[in-house]
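The values are calculated or read from the model by the stated rules, or taken from the named source; none is laboratory data. Please read all numbers here as calculations on a predicted model, not as lab measurements. All Cβ positions, even for glycine, are placed from backbone atoms using ideal geometry, and neighbour counts span all protein chains on display. Side chains included, ligands, DNA and RNA excluded: accessible areas come from the protein's heavy atoms. Shrake-Rupley method; radii C 1.70, N 1.55, O 1.52, S 1.80 Å.
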Amino acid sequence: MKTILAILAGATLALAATAAPAQTLKSVKDRGELLCGVSKGLQGFSAPDASGKWTGFDVDVCRALAAAIFNDPNKVSFVPLTADERFPALKDGKIDVLSRNSTWTLEREAKLGLLFTAINYYDGQGFLVRDARKVTSALELDKSKVCVQAGTTAESTTKDYFAANSMALELVTLPTSGDLVKAYEDGKCDTITTDVSQLYALRLTMAKPADHIVLPDVISKEPLGPVVRQGDDQWFNLVKWTIFAMINAEELGVATNTLDAAVKSQKPEVKRLVGTEGNYGEQLGVSNDFVVRIVKAVGNYGESFERNVGAASKLGIPRGINQLWSMGGILYAPPVR
Ligand SMILES: N[C@@H](CCC(=O)N[C@@H](CS)C(=O)NCC(=O)O)C(=O)O
């Protein structure tokens with residue numbers, strides 16, 4: 001009897017260890033909308049447009065998810081969060097997913113109990129200065145007052161960088177990006193530091209954007225991507241494969257204007273991606289045409305990048321290393337099969 005009980009207890013434990021509860025997708029479906037944590041307003045990444053509609057590269061991730069789940073990219077409520085607020089909000093269940101220019105670090109997973117799903121933007125930390133100062137390198141920033149946002153990776157990276165280069169630093173830490181821009185424009189700091197993509201976005205909000213330059217130095221790795229809570233493998237997989245779907249769609253030439261041809265394609269890779277072969281969507285808990293829904297809603301990765309932040313957009317960021325691996329970049333998504 002004891003042996004049987006011990007076997008049963010062991011089996012229960014083993015089951016608990018392998019099967020994480022799949023509650024997020026169900027609660028999103030029951031609620032009828034997704035709760036998506038974004039920044040408070042960072043042009044190109046997540047900001048309300050003139051009509052109040054949230055748009056941007058980070059916003060597209062949540063619209064893509066809503067398209068995959070509901071076939072409707074508008075079934076999302078956006079929850080604007082500062083850097084300090086974002087991880088507690090996710091941990092406490094106030095949002096289902098965080099899509100807010102967040103850097104994947106060890107501590108944010110191991111200590112905070114979160115999981116980064118995939119990297120959808122390879123960034124790095126840089127500095128923005130007034131062009132008139134004629135600074136050409138971050139190594140000339142000795143004795144600078146440096147504005148940084150609280151709760152970001154930039155806080156510690158800046159200290160390390162100045163110490164490593166024997167430069168004196170006066171760190172001015174502020175709660176929001178609006179405070180950062182104001183302090184800088186009021187002359188309370190000589191430079192703003194954060195991920196380069198965000199420097200481009202902040203510059204657009206300044207009185208005279210052309211008076212400020214982003215220095216060429218990139219002093220850290222800032223791999224950005226959507227984040228979920230630990231303990232729900234089904235949800236983790238769906239968010240992860242939404243990103244991979246967008247990247248794979250670009251790689252296979254599946255775009256807004258080629259969707260009709262893609263669903264008729266006889267190429268096995270395209271058939272698996274768009275769901276005319278296999279049941280890959282169902283394996284993730286959504287419909288088999290989920291990639292078609294995503295591309296219809298926001299386009300593939302390249303379309304979302306170019307529309308929101310790319311070279312021809314207001315931000316004017318070149319694709320750089322965020323180009324597909326097959327085009328000289330480092331974007332590489334596992335295959336649908
Ligand atoms: N990637 C870095 C920085 C993220 C971050 O919060 N950057 C600020 C730079 S200004 C930002 O996006 N602020 C926008 C906001 O708070 O709405 C991190 O994960 O810590």
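Miscellaneous remarks
- Within region 102-114, the set of residues being outside any helix (DSSP H, G or I), more than 9 Å from the ligand (Cβ to nearest atom) and open to solvent by less than 50 Å² (accessible area, probe 1.4 Å) comprises GLY113, LEU114.
- Listed conditions (1) touching a residue at least 24 places away in the same chain (Cβ under 8 Å); (2) closer than 22 Å to LEU331 by Cα; (3) among the hydrophobic types (A, V, I, L, M, F, W, C) are all met by ALA83, apart from (2).
- All positions within region 166-217 that are within 15 Å of the ligand (Cβ to nearest atom), open to solvent by less than 30 Å² (accessible area, probe 1.4 Å) and not in a helix (DSSP H, G or I): CYS189, THR191, ILE192, THR193, THR194, ASP195, MET206, HIS212
- Meets criteria (out of contact with any strand residue (DSSP E or B) (no Cβ under 7 Å at 6 or more places or on another chain) and more than 20 Å from ASN101 (Cα to Cα)) for PRO175: no
- Apart from one condition, ALA50 fits all of (1) of a type in the set (Gly, Ala, Ser); (2) open to solvent by 30 Å² or more (accessible area, probe 1.4 Å); (3) within 15 Å of the ligand (Cβ to nearest atom); the exception is (3).
- Within the set ARG307, ARG319, the sole residue that is open to solvent by 70 Å² or more (accessible area, probe 1.4 Å), without any contact (Cβ under 8 Å) to a residue 24 or more places away in the chain, within 20 Å of the chain's Cα centre (by Cα) and within 30 Å of MET206 (Cβ to Cβ) turns out to be ARG307.
- The residues in region 120-132 that are in contact with a strand residue (DSSP E or B) (Cβ under 9 Å, 6 or more places away or on another chain) and surrounded by fewer than 20 Cβ atoms within 10 Å (Cβ to Cβ) can be counted, and the count is 4.
- The residue that is farthest from THR103 (Cα to Cα), counting only those in region 142-162 that are open to solvent by less than 40 Å² (accessible area, probe 1.4 Å) and assigned to a helix (DSSP H, G or I), is PHE162.
- Qualifying positions in region 232-255 - open to solvent by less than 30 Å² (accessible area, probe 1.4 Å) and either more than 22 Å from VAL38 (Cα to Cα) or among the charged types (D, E, K, R) (or both): ASP232, ASN248, ALA249, VAL254, ALA255
- Screening LYS271 against (1) farther than 19 Å from VAL76 by Cβ; (2) part of a loop (DSSP other than H, G, I, E, B) leaves a single unmet condition, (2).
- Odd one out for CYS147 among (1) over 30 Å from ALA333 (Cα atoms); (2) away from the ligand (no atom under 11 Å from the Cβ); (3) of a type outside the set (S, T, N, Q): (2)
- Residue in region 86-101 that is open to solvent by 30 Å² or more (accessible area, probe 1.4 Å), within 14 Å of the ligand (Cβ to nearest atom) and touching a Gly at 6+ places or on another chain (Cβ under 8 Å) present: no
- Scan of region 83-101 for residues that are part of a loop (DSSP other than H, G, I, E, B) and not aliphatic (A, V, I, L, M), ordered by number: ASP92, GLY93, LYS94, ASP96, SER99, ARG100, ASN101
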